[in-house]
Amino acid sequence: MEKFQALMEKTLVPFATKLSNNKVLKAISGGFGMLLPIIMVGAIASLLAGLSITPYQEFITANGLKTVFSYVTTYTTNMLSLYAAFAIGKCMAEQLDCEGQSSIIGIASLFVFLLLIPSGIAADGTAVANMIDMTYFGSAGLFSAMILGIVVPAIYAVFIKRNITIKMPDGVPPFVSKGFAGIIPVLCITILFVIVRQLCALTPFGSFDGMIYGLLKAPLASLSESPLTFGLLVLLCNLLWFFGIHGGMVTMPFITMLYMPAALENLDAFAAGAAALPNILTNTWWFTFVQLGGSGGIIGLVLCMLFVAKSERYKSLGKMAIAPALCGVSEPVVFGMPLMLNVMMFIPMILTPLLSFVLSYAVTSIGLVPVLNGMQLQTGTPVLLSGFLTGGWRAMIWQAVLVALQFAIYFPFFKMLDKQAYADEQAAAKEA
Amino acid sequence: MRNIMLFCAAGMSTSMLVERMKAVAADQGYEVEIAAHAVSEAAKLGGDADFILLGPQVRFEVDRVKGLFPDKPVEAIDTVMYGTMNGAGVIEHVREVLGD
């Protein structure tokens, strides 16, 4: 076992390092991190617009508040790709060691994102002056925003590293020379992407965004819609945690990339008052159902400690760990029980999140529990509240059921450990 | 006045330890500023620290952070101390290393 542990430590730690230090993944998750306030405001507005209580709907429609909520949604959720193009571009610039110019590079990314959207044509193809089609400002344009947010800074960085800029004589204030330094790269990037735009117009897709969406949407969607992908990420996350490595931090960029667009699609549909939301698997689903209490799904385990433990050791750990667990923070249990490298706890630690995942998928598929509305919650939002906000009372009840399930899975394993700890304590007391 | 910085994924679980460390430091009359942040901010914030501690769950970041601040002590917190939120133990260790 020790050899096995050493081997895992030797392979998993560098693997985790590599994934979490990957520049592209870091830029994407960092960029989305910057967007959180916008996403949250959009989610609140959608929630306020879409809450399906008839008297409430009549009230907000009559006094015009509904219009306010829906235009706030339009400028937040439905234009998220615009903000993403800037934010990812800026983060990517920082990853490429161009901190000094990261804002200019972010603006360049946003500019290229806009440049590639045909103007003067409405979504239905009719010519309208002063018109930019907003279709790809929202979740449909997220993939283009991610790609451009990575590619544009990468090109820009080449200019900086090769020092291809207009050189200002000494004595010119750095503020001024910085602005001039951007001219050549932005000019070259413009020429390049004008060509891209013209070429894309010749394809059957008609535009760059149409092409990206058309080409990537289907394969990425089949990847992200497959429960198998989601299940594997859940497994990987908890396996890493078993070795005491923050699995969430390692898997989060993938979850964000694959499942945040799905959540935003749901939010769009929810705000529009759609009866059925399109995607079961979203990034919020992960926090709301799969891993209640954090890695390993440990709220049930902490309840075991609080209510059935005989040993002082686990009783006191339970008292300390319950509040963080309810907010999805599992470190006290992972390192304090510990779950980490605890062979006895390996099975429940891996099984609980996976089973929670499979059952939640099943009950959502048959319609017992609603598809979550895609609202992005602040990490640390307590259980039950998170269920209520993302899926209403039925999701909240399902969370309670999942906690009971966690309790049932952990219970027999916990009893064994607790018995041992209790015996140790008794023996120690006798000696003393 | 010493400055200790703790980093983990989002600065959440380390913030629990920070509270305990602060209480212990206050009892000991040890003048110290202690704060928790996300490890992604280590490059930006770490410069002000005298001692950088990482939650054991992000120990794979230790080498990178060490690279950023080669002349500062950068360590992952002991897993048992972390799990039991042993603020006293961590403070004692910090004082020992810094010679305070």
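Computed values, structure above
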{"read-out": "Index of the failed condition, B:PHE7 passing every other in (1) at pLDDT below 90; (2) in contact with a strand residue (DSSP E or B) (Cβ under 8 Å, 6 or more places away or on another chain); (3) not charged (D, E, K, R)", "value": "(1)"}
{"read-out": "Selected residue (criterion: farthest from A:MET40 (Cα to Cα)) from residues of the range A:320-374 that are in a loop (DSSP other than H, G, I, E, B), away from chain B (no Cβ under 14 Å) and small (Gly, Ala, Ser)", "value": "A:GLY367"}
{"read-out": "Positions within the range B:1-21 being closer than 17 Å to B:GLY89 by Cβ and within 11 Å of another protein chain (Cβ to nearest Cβ), in sequence order", "value": "B:SER13, B:THR14, B:MET16, B:LEU17, B:ARG20"}
{"read-out": "Matching entry among B:ALA36, B:ALA26 (being hydrophobic (A, V, I, L, M, F, W, C), part of a helix (DSSP H, G or I), more than 19 Å from A:SER20 (Cα to Cα) and without any contact (Cβ under 8 Å) to a residue 60 or more places away in the chain)", "value": "B:ALA26"}
{"read-out": "Single match in A:ILE117, A:ILE39, A:ILE105, A:ILE60 (criterion: part of a helix (DSSP H, G or I), hydrophobic (A, V, I, L, M, F, W, C) and assigned by TED's automatic domain parsing to the domain that holds A:LEU148)", "value": "A:ILE105"}
{"read-out": "Candidates B:ARG59, B:ARG20, B:ARG64 - the one that is surrounded by 15 or more Cβ atoms within 10 Å (Cβ to Cβ) and either over 30 Å from A:LEU19 (Cβ atoms) or in contact with a Gly (Cβ under 6 Å, 6 or more places away or on another chain) (or both)", "value": "B:ARG20"}
{"read-out": "Counted residues, the range B:67-87 - those being farther than 16 Å from B:GLU19 by Cβ, within 12 Å of chain A (Cβ to nearest Cβ) and either touching a residue at least 60 places away in the same chain (Cβ under 8 Å) or exposed (fewer than 15 other Cβ atoms within 10 Å of the Cβ) (or both)", "value": "2"}
{"read-out": "Among the residues listed as B:ALA42, B:ALA26, B:ALA35, B:ALA9, the single one being under 26 Å from A:GLU99 (Cβ atoms), of a type in the set (A, V, I, L, M, F, W, C) and surrounded by fewer than 22 Cβ atoms within 10 Å (Cβ to Cβ)", "value": "B:ALA35"}
{"read-out": "Elements of type helices (runs of 4 or more DSSP H) contained in the range A:161-255, each with 2 or more residues being loosely packed, with under 12 Cβ neighbours inside 10 Å", "value": "A:174-181, A:183-202, A:208-225"}
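The values are calculated or read from the model by the stated rules, or taken from the named source; none is laboratory data. As the structure is a prediction and not an experimental result, all values here were calculated from the model. Ideal geometry is used to build each Cβ from the backbone, glycine not excepted, and the neighbour counts take in all protein chains shown.
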